[in-house]
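The values are calculated or read from the model by the stated rules, or taken from the named source; none is laboratory data. Everything numeric here is computed off the predicted structure, so don't read it as measured data. FYI the Cβ positions are ideal-geometry reconstructions off the backbone, even for glycines, and counts take in every protein chain you see.
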Amino acid sequence: MNDSRSRPGDEVVAQVSGIVEGIFAGLKPLLAAVETLLADSGETTAAELDRLHPQVVELLEGLVIGAGFIAAPRLLADQQFGFQWWTNAPSGTPTQLFISLDPGSEYFLDYTRQSWFTVPRDTGRRHITGPYVDYLCTDEYTLTFTLPVLGGPGTDPAAGGQGFAGVVGADIFVREFEHATLGRLHALAVDRSARAALVNAQGRVIVSTSARQATGSLVRELDIPAWWTTGEESLARPDTTLRRCGDAPIALLVTTR
Amino acid sequence: MVKRMSRGARAALFAPLDQTGRVEAVTRRLVDAVTLGLLADAEQLPSESELAAQLGVSTVTVREALVALRQLGLVETRRGRGGGSFVRAPADSPAAPWRERLRAVSLTDLRDVGDHYTAVAGSAARLAAERSSAEDLARLELAAEDIRTATGPAASRAERHFHLEVAAAAQSPRLTHQELQLQGEQGGLLWLPIGHPEDPEVAHTVHRAIVTAIASRDGELARKLTEEHILDAIDRLAAVHLELLGP
């Protein structure tokens with residue numbers, strides 16, 4: 001029973017997996033509220049999204065600093081784009097996000113190009129976007145967790161009669177994720193006189209114990225995107241180990257110097 | 001001197017709204033009024049309760065809309081005697097009188113803004129070449145295509161959006177923030193389609209070349225192309241400035 005033996009990095013993997021699953025689980029009540037709203041009102045209007053406010057604000061705790069529902073284009077009866085998104089202001093008071101939703105406006109930025117929107121739409125699955133600069137909302141270095149919402153119009157019978165209606169999501173700041181995870185990562189690196197990092201499926205460093213492998217940089221020594229598509233749980237090389245953090249699209253990378 | 005808007009425009013601005021999406025509707029109407037110059041810079045808005053009465057919404061709705069406008073930097077609230085909410089005309093409003101602003105600008109300041117902007121956007125391009133993932137590249141390519149068919153305000157939006165995407169691809173919140181700030185410098189003149197080479201194909205070709213340099217991880221080339229692109233824009237502004245001054 002190989003599995004019962006503990007391996008270095010188990011704690012990091014368990015912690016990251018716990019954070020990720022916790023955030024996705026936290027989105028479930030909001031997802032349910034959106035589905036109910038869409039089912040209840042034949043033609044949902046932008047104003048009706050206000051009914052999601054309690055479930056959205058409920059999410060703003062712990063690492064989560066922003067949350068809400070983003071509608072697919074033309075889901076709403078009265079406007080092309082729309083969302084209900086709240087962020088925790090530094091004061092701790094939730095603040096509603098307003099950005100231009102008018103495609104003709106000077107300030108309009110098309111959110112349907114953002115990965116947190118396109119990936120759940122195109123794969124039907126949950127996604128973590130980032131780390132990335134969230135210039136639509138807080139301008140901060142962010143991880144965005146999104147789940148697809150079904151129940152929209154544009155019903156495709158092949159997709160089980162449920163059209164893509166948008167995404168529900170939660171934001172965390174990379175620096176807060178670092179505060180939460182760096183301690184265990186550092187302990188791991190000290191034990192093995194190595195450097196340890198958490199990377200995303202694109203090989204982008206989220207947190208690292210080494211300034212030479214800084215947050216935001218891409219790991220080039222390994223083709224992490226290619227490895228990711230193999231579905232393997234881990235990769236071991238003489239000087240490098242790579243391990244998935246459970247079902248999260250985040251891996252632990254340990255390199256000996 | 002504060003210019004007042006016409007009676008007709010003011011009446012339309014303060015006409016009652018439906019009850020749907022009120023905060024957003026109020027916000028949008030006020031944003032449009034400020035960005036289109038219907039409300040002059042430094043003009044004082046009516047009080048929250050007056051606005052609420054005129055628009056037919058609650059004061060809470062007006063208050064939330066004003067929060068949004070403050071976040072956009074379009075309204076400033078001062079407390080105390082003589083306090084209230086005051087319009088802050090946006091730097092890069094398309095309908096703002098750019099001719100006046102461009103005539104008033106000094107070439108010395110223009111050069112200085114150009115230096116700062118090339119430093120920020122050039123570094124962002126270099127870092128983007130180091131740090132862009134396949135996903136970033138896909139978004140950069142989309143943004144580069146936007147300018148091909150764009151004219152007028154859409155062209156200036158496409159320019160600004162392209163450089164914003166490059167800064168975001170650099171993975172730097174600070175450079176992204178500076179990029180946004182610099183886009184608004186000198187009244188947002190830089191990316192206005194003023195004295196632009198008639199052909200959007202030219203800008204499109206440059207944007208494509210920058211994306212290609214980033215995709216091939218050639219940071220120095222990406223930086224050089226970006227710097228030249230910005231200097232070209234500054235040159236165009238300087239030329240129009242001199243034209244406006246006349247012989």
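Applying a threshold of 6 Å to beta carbon distances and a minimum spacing of six or more residues, or different chains, the list of pairs starting in the stretch B:221-243 at a residue that is touching a residue at least 12 places away in the same chain (Cβ under 8 Å) and ending at one that is among the β-branched types (Val, Ile, Thr) reads B:222/B:210; B:222/B:214; B:225/B:210; B:226/B:210; B:227/B:118; B:229/B:206; B:230/B:118; B:240/B:194. Of the residues A:196, A:201, the single one that is surrounded by 12 or more Cβ atoms within 10 Å (Cβ to Cβ), touching a strand residue (DSSP E or B) at 6+ places or on another chain (Cβ under 7 Å) and touching a residue at least 40 places away in the same chain (Cβ under 8 Å) is A:196.
Answer yes if at least one residue in the stretch B:104-111 is surrounded by 24 or more Cβ atoms within 10 Å (Cβ to Cβ) and either within 19 Å of the chain's Cα centre (by Cα) or under 30 Å from residue A:218 (Cβ atoms) (or both), and no otherwise. No; the residues of the stretch B:104-111 include none that is surrounded by 24 or more Cβ atoms within 10 Å (Cβ to Cβ) and either within 19 Å of the chain's Cα centre (by Cα) or under 30 Å from residue A:218 (Cβ atoms) (or both). One residue stands out in the stretch A:87-99 among those that are in contact (Cβ under 8 Å) with a residue 24 or more places away in the chain and farther than 14 Å from residue B:24 by Cβ: the one that is surrounded by the fewest Cβ atoms within 10 Å (Cβ to Cβ), namely A:94.
Among residues of the stretch B:93-112 that are modelled with pLDDT under 85, those with a Cβ under 8 angstrom from a residue that is of a type in the set (Asp, Glu), sequence gap 6+ or separate chain, pair up as B:93/A:106; B:94/A:106.
Just for strands (runs of 3 or more DSSP E) wholly inside the stretch A:162-257: which have at least 1 residues that are farther than 19 Å from residue A:140 by Cα?
Working: elements: A:163-173, A:194-200, A:205-208, A:234-237, A:240-244, A:250-256.
Counting at least 1 such residues, we get A:163-173, A:194-200, A:234-237, A:240-244, A:250-256.
Among the residues of the stretch B:144-153, those identified as assigned to a helix (DSSP H, G or I) and within 16 Å of the chain's Cα centre (by Cα) are B:147, B:152, B:153. Within the stretch B:129-156, residues that are more than 8 Å from every other protein chain (Cβ to nearest Cβ) have Cβ atoms under 6 Å from residues that are part of a loop (DSSP other than H, G, I, E, B) and crowded, with 19+ Cβ neighbours inside 10 Å in these pairs: B:155/B:193, counting only partners at least 6 apart in sequence or on another chain. Taking the stretch A:110-128 as the range and being assigned to a loop (DSSP other than H, G, I, E, B) and in contact with a helix residue (DSSP H, G or I) (Cβ under 7 Å, 6 or more places away or on another chain) as the test, only A:126 passes.
With a requirement of 2 or more residues that are in contact (Cβ under 8 Å) with a residue 40 or more places away in the chain and either within 22 Å of residue A:252 (Cα to Cα) or within 14 Å of another protein chain (Cβ to nearest Cβ) (or both), the helices (runs of 4 or more DSSP H) lying completely within the stretch A:7-81 that satisfy it span A:10-26.
Results for (1) assigned to a helix (DSSP H, G or I); (2) under 20 Å from residue B:203 (Cα atoms); (3) at pLDDT 90 or above, shown as yes or no for each residue.
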{"position": "B:115", "(1), (2), (3)": "yes, no, yes"}
{"position": "B:137", "(1), (2), (3)": "yes, yes, yes"}
{"position": "B:155", "(1), (2), (3)": "yes, yes, no"}
{"position": "B:174", "(1), (2), (3)": "yes, no, yes"}
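Considering every residue within the stretch B:49-70, establish whether at least one is closer than 19 Å to residue B:157 by Cα, under 22 Å from the mean Cα position of the chain (by Cα) and buried (at least 17 other Cβ atoms within 10 Å of the Cβ). If you could, list the steps in order and put the result at the bottom.
Keep residues of the stretch B:49-70 that are closer than 19 Å to residue B:157 by Cα, which gives none.
No: the stretch B:49-70 contains no residue that is closer than 19 Å to residue B:157 by Cα, under 22 Å from the mean Cα position of the chain (by Cα) and buried (at least 17 other Cβ atoms within 10 Å of the Cβ).
Scanning the stretch A:125-141 for residues that are without any contact (Cβ under 8 Å) to a residue 40 or more places away in the chain and touching a strand residue (DSSP E or B) at 6+ places or on another chain (Cβ under 9 Å) turns up A:125, A:129, A:132, A:133, A:134, A:139, A:140.
Check whether at least one residue in the stretch A:104-117 is farther than 24 Å from residue B:159 by Cβ and crowded, with 19+ Cβ neighbours inside 10 Å, and report yes or no. Let's see the steps before the verdict.
From the stretch A:104-117, those farther than 24 Å from residue B:159 by Cβ are A:116; that's our starting set.
Imposing the further condition that a residue be crowded, with 19+ Cβ neighbours inside 10 Å reduces the set to A:116.
Looking for residues that are farther than 24 Å from residue B:159 by Cβ and crowded, with 19+ Cβ neighbours inside 10 Å, one finds at least one in the stretch A:104-117, hence yes.
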